[in-house]
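What follows is a single structure, written as structure tokens, with notes after it.
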Amino acid sequence: MLAKVTSCAVVGLDGAIVEVEVDTSRGLPSLTIVGLPDVAVQESRERVRSAIKNSGLIYPNKRLTVNLAPADLRKEGPAYDLPIAVGILLASEQVWSDRVENALFVGELSLDGGVRHTTGILPMVALARERGFHTVFVPAIDAPEATLIQGLEVIPVTDLASLVSHLQGLRSIEPYHYNLDFSADEPPSYAVDFTHVKGQEHVKRALEVAAAGGHNVMMTGPPGAGKTLLARSMPSILPQMTAEECLEVTKIYSVAGLLPPEIPLIQHRPFRAPHHTISHAGLVGGGHFPRPGEISLAHRGVLFLDELPEFGMRTLEVLRQPIEDKIVTISRAQGTLTFPANFMLIAAMNPCPCGYFGDATKECTCSLTMVSRYQKRISGPLLDRIDIHVEVPRVEYDKLTDDRLGEKSEDIRARVEKAREVQRQRFAGTSLICNADMGPAEVREYCAVDEAGRSLLKAAMQQLAMSARAFHRVLKLARTIADLAGSSDIQTHHLAEAIQYRPRRQV
Ligand SMILES: Nc1ncnc2c1ncn2[C@@H]1O[C@H](COP(=O)(O)OP(=O)(O)O)[C@@H](O)[C@H]1O
Ligand SMILES: [Mg+2]
């Protein structure tokens, strides 16, 4: 007999429907899985057999063929265990139920019949709703994640035996209801607060501007000046995510298998700080079955690259395309795949190998060639994509020992939120979120400057040898500075501040 059960695959960040067909026929007892299955799917045979036996059911002594359709889609992972088991039970007429109709099954089985956590539940359930399915059967542990998508019946499955009695109508499993509060009420307590960072007022200002408009930042300065500390304080001034942004980011973490089990929703902007030994695939995503990399995990949040030159030229160059396009494209045999990667880059570096080039008191021990070689590890095209370059000098003794506390992150965040609100209204009805997202058309529309501003820009273009990209970036940055000041038009002093954040090669 032939049985059909519907399941789901995840390709990139999107679900794709997979039909699981099970056929029984006479012949030597065996189980064959066809339809481009990977090793984990092949191993499904053993798990399914044990799970069925250990759930008090009968594993048919027949020749079983499982087809996963469409055949051209590569199937990975153990998520098909549950639909295969249900298919076998239907095909061997141990279960007959109309509850299988219009429903989607996903889940990994353990040998005793228990149903285990499966990654990518969120995109699968999103697809189920889009395709008009009525019910999704998911591992009980993943049920809260599934209910982030509303309008579907979510059945939490703990084990195969209880699923069978539910399907037979003997003992129904209660649909799972869970209302997650999206309005991310209280911001969490942050590990570091700007109030504890002494001095460095101009750096704090630069970071405030960056947070307000989503701009990239590069901090340069001697060791121990507070670059890492400042960058780590960044989450405390980032604006709240909207409900849409939360879902978008949560989808990425769901596919990466990084959702916290208790509250499976990412409510705060991510802050990712990968070490410089990270691999290519780890940074931009990839692998046999492509997974999102750090730049996608930092989507809508911050990617902090400390000690930037240590990352090496080749690793850094792969960041160029995603910084510009806000997505990352991964090529593989079956075509290309994209992940979102709209992050704010915050980078920190020393000016030279010894770290004291340009320091007012401590002498630099590097030769000019060494300094130049060190700085050249970061290519011009990458520097060009960073809007804000700030120097972080050593803090003076007086400032460091000053008992007065600096401005609290909370107050800075309030200003950032206000500037973001202006941007939300500006970009209402579009896919843009902040000023850094603007393309040439929006720059033209929203970044008009007056006569005085134009002559300032002209002079800056010539003196700093700015590229067309840098020119647009200056205008976007000036827009943010004006938004922070509550000004509807960009004034000359807003432009002047934006221009002074452009990089200057020191050697
Ligand atoms: N501006 C500052 N205010 C308060 N403490 C500071 C400051 N700068 C540095 N420190 C102290 O020095 C430590 C090292 O700073 P860090 O941010 O790692 O320096 P860098 O990354 O520039 O080498 C910090 O953890 C902090 O204790
Ligand atoms: Mg540091």
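What to note about this one:
- Residue that is surrounded by the most Cβ atoms within 10 Å (Cβ to Cβ), among those in segment 338-378 that are polar (S, T, N, Q) and under 25 Å from the mean Cα position of the chain (by Cα): ASN342
- In the set (1) away from ligand 1 (no atom under 16 Å from the Cβ); (2) of a type in the set (A, V, I, L, M); (3) within 16 Å of the chain's Cα centre (by Cα), the condition left unmet by VAL318 is number (3).
- Yes/no for ARG300 being of a type in the set (D, E, K, R) and either over 20 Å from TYR374 (Cα atoms) or in a strand (DSSP E or B) (or both): yes
- Selection within segment 443-457 - within 26 Å of ILE237 (Cα to Cα) and either touching a strand residue (DSSP E or B) at 6+ places or on another chain (Cβ under 9 Å) or of a type outside the set (Val, Ile, Thr) (or both): TYR446, CYS447
- Within segment 88-110, residues that are among the hydroxyl-bearing types (Ser, Thr, Tyr) have Cβ atoms under 9 Å from residues that are surrounded by fewer than 16 Cβ atoms within 10 Å (Cβ to Cβ) in these pairs: SER92/MET1; SER92/ILE58; SER97/GLN168; SER97/GLY169, counting only partners at least 6 apart in sequence or on another chain.
- Some residue of segment 449-457 being within 21 Å of GLY380 (Cβ to Cβ) and in contact with a Cys (Cβ under 9 Å, 6 or more places away or on another chain): no
- Residues of segment 399-411 include none that is within 26 Å of THR220 (Cβ to Cβ), outside any helix (DSSP H, G or I) and more than 16 Å from ligand 1 (Cβ to nearest atom).
- Matching entry among PRO223, PRO235 (being farther than 30 Å from GLU76 by Cα, within 12 Å of ligand 1 (Cβ to nearest atom) and modelled with pLDDT under 95): PRO223
- For segment 24-43, a residue qualifies if it is part of a strand (DSSP E or B) and either modelled with pLDDT of 95 or more or surrounded by fewer than 16 Cβ atoms within 10 Å (Cβ to Cβ) (or both), and the qualifying residues are SER25, SER30, THR32, VAL34.
- Number of residues in segment 224-252 that are in a helix (DSSP H, G or I), within 16 Å of ligand 2 (Cβ to nearest atom) and either β-branched (Val, Ile, Thr) or surrounded by 22 or more Cβ atoms within 10 Å (Cβ to Cβ) (or both): the value is 6.
- Being in contact (Cβ under 8 Å) with a residue 40 or more places away in the chain, among the β-branched types (Val, Ile, Thr) and within 16 Å of ligand 1 (Cβ to nearest atom) is a description that applies to ILE346.
Yes or no, residue by residue, for (1) touching a residue at least 24 places away in the same chain (Cβ under 8 Å); (2) in contact with a Gly (Cβ under 7 Å, 6 or more places away or on another chain):
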{"residue": "ILE121", "(1), (2)": "yes, no"}
{"residue": "MET124", "(1), (2)": "yes, yes"}
{"residue": "ARG129", "(1), (2)": "no, yes"}
{"residue": "THR135", "(1), (2)": "yes, no"}
{"residue": "PRO139", "(1), (2)": "yes, yes"}
{"residue": "ALA143", "(1), (2)": "yes, no"}
{"residue": "GLN150", "(1), (2)": "no, no"}
{"residue": "VAL154", "(1), (2)": "yes, no"}
{"residue": "VAL157", "(1), (2)": "yes, yes"}
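- Single residue of ALA231, ALA273 found to be among the small types (Gly, Ala, Ser) and under 21 Å from ILE327 (Cα atoms): ALA273
- For VAL209, the stated conditions hold: it is more than 16 Å from ligand 2 (Cβ to nearest atom), assigned to a helix (DSSP H, G or I) and over 16 Å from the mean Cα position of the chain (by Cα).
- Test: ARG269 is within 18 Å of VAL328 (Cβ to Cβ) and either in a helix (DSSP H, G or I) or in contact with a helix residue (DSSP H, G or I) (Cβ under 7 Å, 6 or more places away or on another chain) (or both): no
- ARG314 vs. criteria away from ligand 2 (no atom under 16 Å from the Cβ), free of Cβ contacts under 8 Å to residues at least 40 places away in the same chain and surrounded by fewer than 22 Cβ atoms within 10 Å (Cβ to Cβ): yes
- Qualifying residue in segment 286-304 (condition: closer than 21 Å to ALA256 by Cβ, surrounded by 17 or more Cβ atoms within 10 Å (Cβ to Cβ) and within 16 Å of ligand 1 (Cβ to nearest atom)): yes
- Among the residues of segment 475-490, those identified as buried (at least 18 other Cβ atoms within 10 Å of the Cβ) and either touching a residue at least 40 places away in the same chain (Cβ under 8 Å) or in contact with a Gly (Cβ under 7 Å, 6 or more places away or on another chain) (or both) are LYS476, LEU477, ARG479, THR480, ILE481, ASP483, LEU484, ILE490.
- Just so you know, in segment 94-112 the residues that are touching a Leu at 6+ places or on another chain (Cβ under 8 Å) and surrounded by fewer than 24 Cβ atoms within 10 Å (Cβ to Cβ) include one that is nearest to TYR80 (Cα to Cα), and it is GLU108.
- For segment 328-357, residues that are over 16 Å from LEU230 (Cβ atoms), outside any loop (DSSP other than H, G, I, E, B) and within 16 Å of ligand 2 (Cβ to nearest atom) total 0.
The values are calculated or read from the model by the stated rules, or taken from the named source; none is laboratory data. On a predicted model such as this, the values are computed, not experimentally measured, just so you know. With ideal geometry, Cβ positions are generated from the backbone for all residues, glycine too; neighbour counts draw on all protein chains shown.
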